[in-house]
Amino acid sequence: MRTEDFDFFLPEELIAQFPAAERDGSRLLRLDGNSGAIADHQFRELPQFLNAGDVLIFNDTRVIKARLQGHKESGGSIELLIERPLDTHRALAHIRASRSPKPGSRIFIGDGIPARVIERQDDLFLIEVEHVTPLLDLLDQYGALPLPPYITHAADAEDDERYQTIYARTPGAVAAPTAGLHFNQVMLDRLQAAGIQIAYVTLHVGAGTFQPVRVDDISEHRMHSEIYTVPPATVDLINTARAAGHKITAVGTTALRALESAARSGALVAGSGETDIFITPGYRFQVVERLLTNFHLPKSTLMMLVSAFAGVEHIRAAYAHAIASRYRFFSYGDAMLLERRESINQAPTPG
């Protein structure tokens with residue numbers, strides 16, 4: 001398929017710049033991947049679309065304050081975006097500067113804390129902070145939340161709270177798993193009271209999630225790599241629920257990618273690793289029957305993923321309906337609940 005197959009026109013005013021007044025105050029579009037039926041709801045209605053014994057899988061990654069201002073030894077200004085912390089003092093980072101720093105050179109962040117540029121790895125730089133304070137602590141002190149490029153205001157105190165899920169606990173992401181932003185404690189309590197089971201995975205979302213697909217033929221695209229963990233307790237809960245005929249719902253494309261990555265052998269396996277899984281139409285899903293997600297960027301890998309899940313034509317129709325109905329798009333926008341298209345799941349997995 002071609003990248004153009006996943007394009008659409010979105011009026012700029014439908015890009016949500018701020019979150020809804022309440023986390024669960026968004027709208028919810030339901031799409032049946034088999035019939036193509038579309039229905040408009042409120043997010044607060046979510047529990048009625050799930051059954052007792054079903055499982056919701058959340059991504060518990062925590063967004064770090066990954067954007068840092070600094071300068072080179074020459075005095076020139078730089079901006080760092082930490083892509084992936086590697087240990088207590090080293091990280092891979094994007095560096096914006098008038099001239100890229102050379103390996104072996106020093107840069108300074110915060111109020112003059114030194115860091116050494118060790119090497120360049122494609123578009124990223126390996127840096128090491130030369131300070132006793134751990135990198136994550138320095139980010140908390142000097143960094144700023146890295147809001148997506150389509151949000152035009154600088155991160156403020158409201159963003160520090162709302163661009164973070166209420167269950168975030170494992171720091172490492174530079175972008176939020178945004179489907180989870182709709183959940184507050186009231187909603188979680190309602191779900192559990194209805195017999196819905198909850199479990200967690202971790203996938204640290206990288207800045208590459210916002211990168212456009214730059215090739216015409218999507219088979220030539222190469223995904224950025226991200227770190228994920230699927231705990232044994234989550235695997236056990238999913239296997240028990242599926243054996244009893246219950247459905248698995250991924251809260252967000254990141255939770256889905258973690259689960260599908262852990263099931264590449266054909267069975268869901270607990271553990272940690274790196275994944276560059278690229279889900280496109282024709283992919284055979286192993287774990288997830290429902291997907292709760294936000295609306296995605298045109299020509300993005302996530303548009304391709306939801307099209308694989310619910311069908312290309314069904315997603316096109318749903319997005320056209322959402323635009324005509326003035327849904328709010330992207331990270332701070334409204335949500336979709338997708339039922340997987342069963343016929344697609346019978347197709348062979350590419351590769």
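Observations on the model:
- The residues on offer are Arg30, Arg84, Arg99, Arg62, and the sole one that is among the basic types (Lys, Arg), modelled with pLDDT under 95 and part of a strand (DSSP E or B) is Arg84.
- Residue within the stretch 182-193 that is assigned by TED's automatic domain parsing to the domain that holds Phe309 and buried (at least 20 other Cβ atoms within 10 Å of the Cβ) present: yes
- Residue match in the stretch 209-222 (condition: closer than 28 Å to Arg27 by Cβ, touching an Asp or Glu at 6+ places or on another chain (Cβ under 6 Å) and touching a residue at least 12 places away in the same chain (Cβ under 8 Å)): no
- Selection within the stretch 65-81 - modelled with pLDDT of 95 or more and in a loop (DSSP other than H, G, I, E, B): Lys65, Ala66
- Single residue of the stretch 270-283 satisfying the filter (hydrophobic (A, V, I, L, M, F, W, C) and under 16 Å from Ile227 (Cβ atoms)) that is surrounded by the most Cβ atoms within 10 Å (Cβ to Cβ): Ile277
- The stretch 145-173, residues that are closer than 25 Å to Glu12 by Cβ and either touching a Ser or Thr at 6+ places or on another chain (Cβ under 9 Å) or part of a helix (DSSP H, G or I) (or both): Leu147, Pro148, Tyr150, Ile151, Glu158, Asp159, Arg162, Tyr163
- Taking the stretch 238-269 as the range and being crowded, with 18+ Cβ neighbours inside 10 Å, more than 24 Å from Met1 (Cβ to Cβ) and among the aliphatic types (A, V, I, L, M) as the test, the residues that pass are Ile238, Ile248, Val251, Ala255, Ala258, Ala262, Leu268.
- Residue tally, condition acidic (Asp, Glu) and assigned to a loop (DSSP other than H, G, I, E, B), over the stretch 9-27: 2
- Subset of the stretch 189-225 (residues that are assigned to a helix (DSSP H, G or I), over 13 Å from Leu302 (Cβ atoms) and under 20 Å from the mean Cα position of the chain (by Cα)): Ala207
- In the stretch 250-302, residue nearest to Gln17 (Cα to Cα) [restricted to those that are of a type in the set (S, T, N, Q) and under 16 Å from the mean Cα position of the chain (by Cα)]: Asn294
- Looking across the stretch 322-340, just one residue is assigned to a helix (DSSP H, G or I) and in contact with an Asp or Glu (Cβ under 8 Å, 6 or more places away or on another chain), and that is Ala322.
- Condition check for Pro134 on (1) on the phi > 0 side of the Ramachandran plot; (2) surrounded by 14 or more Cβ atoms within 10 Å (Cβ to Cβ): one failure, at (1).
The values are calculated or read from the model by the stated rules, or taken from the named source; none is laboratory data. In this text, all values refer to a predicted model and were calculated from it rather than measured experimentally. FYI the Cβ positions are ideal-geometry reconstructions off the backbone, even for glycines, and counts take in every protein chain you see.
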